[in-house]
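Working notes, beginning with the structure itself.
The values are calculated or read from the model by the stated rules, or taken from the named source; none is laboratory data. Just so it is clear, the structure is predicted and the values come from calculations on it, not from any experiment. Cβ sites come from the backbone with ideal geometry, for glycine too, and all protein chains shown count toward neighbours. For the accessible areas, the whole protein counts, side chains as well, though only heavy atoms, and no ligand, DNA or RNA atoms are used. Shrake-Rupley method; radii C 1.70, N 1.55, O 1.52, S 1.80 Å.
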Amino acid sequence: TVLALLLAGSWPQGFEARAYHVPLAVRVLYQGTLGIVDGSWMHAYPINMSLWAGFWIYLLPERLIALANLPFLALSAAALFALARGAGADRNAALLVACGLTTIPLFSFGALQVSADLGGVAFISIAAYFILTQPLPARMSALLGGLAGGLAFGFKSLHLVPLGLLGVWLLCGPAADGALRRRLGAAGIYALAALAPMAYWLIRNYVERGNPLYPVYVPGVFDLLGWLAPPDQQLLSNTANEREW
């Protein structure tokens with residue numbers, strides 16, 4: 001509530017909001033296209049955050065768009081609460097963990113600006129909840145976990161890493177169904193469900209940039225696949241971002 005009152009009436013905050021999330025949202029609304037806007041590496045990422053901002057720009061005055069990440073802060077805390085409960089924590093301990101999450105800079109500061117971090121973490125946390133705790137039958141949990149993970153990728157392509165780890169857990173983890181056929185079936189459902197919200201971004205980037213994960217580039221591996229590197233950024237050597245938070 002305090003964060004909402006502080007943000008209400010202010011312009012969208014943060015470098016990412018002003019550099020690309022909000023401008024891309026306006027472009028989508030005015031031009032009706034999800035194509036890559038220009039040659040800059042940062043504009044080739046999936047733009048779920050811009051679509052989310054554009055949804056609220058369409059409905060609300062622009063100054064209220066600064067509030068766009070607060071729902072994701074709440075969703076991240078709720079997902080962590082559910083994960084803690086699924087891991088065996090009692091209600092009070094799970095509440096303490098969920099509330100403590102909001103004091104971590106990535107979350108508390110991220111809630112004040114229109115950036116893609118919170119949305120991605122919220123959905124990958126939901127994916128982890130369904131895959132690790134399996135609150136529903138195995139295939140339904142795999143379906144919902146895959147959809148949530150695919151949405152997380154659309155906010156931050158880095159979430160492809162936990163997506164893969166959750167898939168390995170489905171196949172090999174202690175909660176996996178003992179029969180190989182059933183485990184493969186659940187993993188297949190998970191993979192297809194994750195690909196559904198990811199497919200457009202992967203196809204778009206392959207068609208427009210020759211690399212479905214562009215601007216992500218792994219030397220050697222991607223060379224074998226013929227996937228191109230961005231000429232204006234070397235992400236694996238950008239070590240300063242590793243210490244940002």
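Beta carbons closer than 7 Å, at least 6 apart along the sequence or on distinct chains, pair a first residue in the range 32-47 that is closer than 17 Å to residue 234 by Cβ with a second that is open to solvent by 50 Å² or more (accessible area, probe 1.4 Å) and of a type outside the set (A, V, I, L, M) for 40/232; 41/232; 44/209.
Filtering the range 184-220 to residues that are outside any helix (DSSP H, G or I), farther than 12 Å from residue 44 by Cα and among the hydroxyl-bearing types (Ser, Thr, Tyr) leaves only 217. Residues in the range 221-234 that are open to solvent by less than 50 Å² (accessible area, probe 1.4 Å) and either at pLDDT below 85 or part of a helix (DSSP H, G or I) (or both): 222, 233.
Exactly one residue out of 56, 11 is closer than 21 Å to residue 122 by Cβ and open to solvent by 60 Å² or more (accessible area, probe 1.4 Å): that is 56. Residue 136 satisfies every condition listed in (1) touching a residue at least 40 places away in the same chain (Cβ under 8 Å); (2) over 12 Å from residue 197 (Cβ atoms); (3) among the aliphatic types (A, V, I, L, M) except (1). Applying the selection to the range 1-35, what residues are of a type in the set (Ser, Thr, Tyr) and in a helix (DSSP H, G or I)? Those that are of a type in the set (Ser, Thr, Tyr) and in a helix (DSSP H, G or I): 20, 30.
The single condition among (1) touching a Pro at 6+ places or on another chain (Cβ under 7 Å); (2) open to solvent by 20 Å² or more (accessible area, probe 1.4 Å) that residue 44 does not meet is (2). Answer yes if at least one residue in the range 64-72 is buried (at least 19 other Cβ atoms within 10 Å of the Cβ) and in a loop (DSSP other than H, G, I, E, B), and no otherwise. The answer is yes, given that some residue of the range 64-72 is buried (at least 19 other Cβ atoms within 10 Å of the Cβ) and in a loop (DSSP other than H, G, I, E, B). Just one of the listed residues (75, 96) is over 30 Å from residue 232 (Cα atoms), open to solvent by 30 Å² or more (accessible area, probe 1.4 Å) and more than 17 Å from the chain's Cα centre (by Cα), namely 96.
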